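Trainee: Below is one structure. I have some questions about it.
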Ligand code: SAM
């Protein structure tokens, strides 16, 4: 999903997936300099996870080696998220350990991503143990910045947002052996009042369709059967090449690559959710039966204050279009509770929208005030406690909806891609095209296969089944 919060270290991803790794591209290895080993920890969304995969590709191409424990690393990198205050604080707690325990002696510590961009050069004052800060808009300059670090640079930074380049690397080191992330658009030009992303990821830059299709084809040749197209606003993608493909045409082209089984895309913005996207899903079974369409609020006045660019009714029109698709499409969304000036009545509008749509999954958050956003200047009516109460109420409603919807699937059979095997439980973990997780008795050899599974039990967050 577009907004799953993940926090994966090299060790965790390798441990989970080691059983079925597809071959990584061959890398020509120059002699490493004084930085021979690296450790990278990632916070935040799939875009951050994939950025870290690309950063790892650059480091491996320099002859550096990943290690599982930061104590063994010459270069320690934290790829950070600042979408909410809590996420941003995590990196400072990580860095605190180095100050107290002095475990950072002889190591180069770097901070990547949104917090690096947001704090800028202040980072070096706030956390003197950090000698490298780089925002995602400057990743294309990583090789030069690493050269500076190798040469002993103490305050090396890549913080310019003035870029029209995408972060291209041939040597992306993908952690998941089945689902490959593929960035099609970077940055964001929207100005949602609550959101820090345009300030941390820079202006919108779309990749040319030929480059995207060449990468997708290469991924299929390497053995991937599922591709997830990524962008902060993935459907705002505009082909900069003379082919001038629309986003829906791009989806169709990716879905038509021989050998591809599943294509997902995230995150879509309702403003750019045009009817041809649903037509493309209708025409191509490889486009998954799943759309993630963040609504943020069910109240039109709140949406207007958020500068989302649509009303409740316009959002519902998009949903009706998706509901009219030939296949049943599973729907998920993001919701913020307690945005500036949200009244009880506004909040109830959000609850009624959820009851009307019956999402299959909702990612819900308490509003968190972020620096340099428009909403920073708006007054907040609710305390943290009140926001927490609304969040709990919303999540309980959604739990009941999910349980009801999942129980309605009892006895149905789904094709799942098996993503993992849990030896302790003797269970395989599969995912349906609708993005539902189904656990069923299996064995390690199932990992990576597409299998038919019949649903025998249902909880709010996952299903249980048996091989059909
Ligand atoms: N770019 C996407 C969009 O605009 O739909 C999603 C970006 S963000 C990584 C994922 C979600 O975090 C948003 O959809 C929103 O629900 C939530 N979010 C963003 N800023 C927030 C804030 N200041 N406080 C609470 N939640 C926030």
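The values are calculated or read from the model by the stated rules, or taken from the named source; none is laboratory data. Here the structure is a predicted model, which is why all the values come from computation and not from measurement. Here the Cβ is made from the backbone with ideal geometry for all residues, glycine too, and neighbour counts use every protein chain on show.
Trainee: Of everything in segment 258-290, what is within 16 Å of the ligand (Cβ to nearest atom), closer than 13 Å to residue 226 by Cα and in contact with a helix residue (DSSP H, G or I) (Cβ under 6 Å, 6 or more places away or on another chain)? Give them in sequence order.
Mentor: 265
Trainee: Here's a follow-up. Yes or no: segment 155-173 includes at least one residue that is out of contact with any strand residue (DSSP E or B) (no Cβ under 9 Å at 6 or more places or on another chain), over 17 Å from residue 114 (Cβ atoms) and within 16 Å of the ligand (Cβ to nearest atom).
Mentor: no
Trainee: From the set of residues in segment 355-379 that are assigned to a strand (DSSP E or B) and either touching a residue at least 60 places away in the same chain (Cβ under 8 Å) or over 22 Å from residue 407 (Cα atoms) (or both), which is farthest from the ligand (Cβ to nearest atom)? Show your work before the answer.
Mentor: Applying the first criterion (assigned to a strand (DSSP E or B)) to segment 355-379 yields 361-366.
The next check asks that each one be either touching a residue at least 60 places away in the same chain (Cβ under 8 Å) or over 22 Å from residue 407 (Cα atoms) (or both); those that pass are 361, 363-366.
Numbers: 361: 13, 363: 7, 364: 8, 365: 4, 366: 6 Å.
Checking each candidate, the answer is 361.
Trainee: Continuing with the same structure: I'd like to check something: does segment 392-408 contain any residue that is crowded, with 19+ Cβ neighbours inside 10 Å, over 21 Å from the mean Cα position of the chain (by Cα), outside any helix (DSSP H, G or I) and within 15 Å of the ligand (Cβ to nearest atom)?
Mentor: No, segment 392-408 has no match at all.
Trainee: Test residue 298 against the stated conditions and say whether it is part of a loop (DSSP other than H, G, I, E, B), in contact (Cβ under 8 Å) with a residue 12 or more places away in the chain and within 19 Å of residue 311 (Cα to Cα). Let's see the steps before the verdict.
Mentor: On the way: part of a loop (DSSP other than H, G, I, E, B): yes; in contact (Cβ under 8 Å) with a residue 12 or more places away in the chain: yes; within 19 Å of residue 311 (Cα to Cα): yes.
Judged against the criteria, residue 298 is a match.
Trainee: Next up: Mind listing just one residue for me: the one in segment 80-113 that is at pLDDT 90 or above and part of a loop (DSSP other than H, G, I, E, B) and, of those, farthest from the ligand (Cβ to nearest atom)?
Mentor: Here the answer is 82.
Trainee: What's the number of the only condition in (1) surrounded by fewer than 17 Cβ atoms within 10 Å (Cβ to Cβ); (2) in a helix (DSSP H, G or I) that residue 305 fails to meet?
Mentor: It fails just one condition, (1).
Trainee: Condition first: touching a residue at least 60 places away in the same chain (Cβ under 8 Å) and more than 13 Å from the ligand (Cβ to nearest atom). Can you find one or more residues in segment 330-347 that meet it?
Mentor: Yes, segment 330-347 has at least one match.
Trainee: Taking residue 382, is it within 24 Å of residue 333 (Cα to Cα), outside any loop (DSSP other than H, G, I, E, B) and over 23 Å from the mean Cα position of the chain (by Cα)?
Mentor: Criteria not met by residue 382.
Trainee: Please work out if residue 213 is surrounded by 21 or more Cβ atoms within 10 Å (Cβ to Cβ) and either more than 15 Å from the ligand (Cβ to nearest atom) or closer than 30 Å to residue 366 by Cβ (or both). Walk me through it before giving the result.
Mentor: Details: surrounded by 21 or more Cβ atoms within 10 Å (Cβ to Cβ): no; either more than 15 Å from the ligand (Cβ to nearest atom) or closer than 30 Å to residue 366 by Cβ (or both): yes.
Answer is no for this residue.
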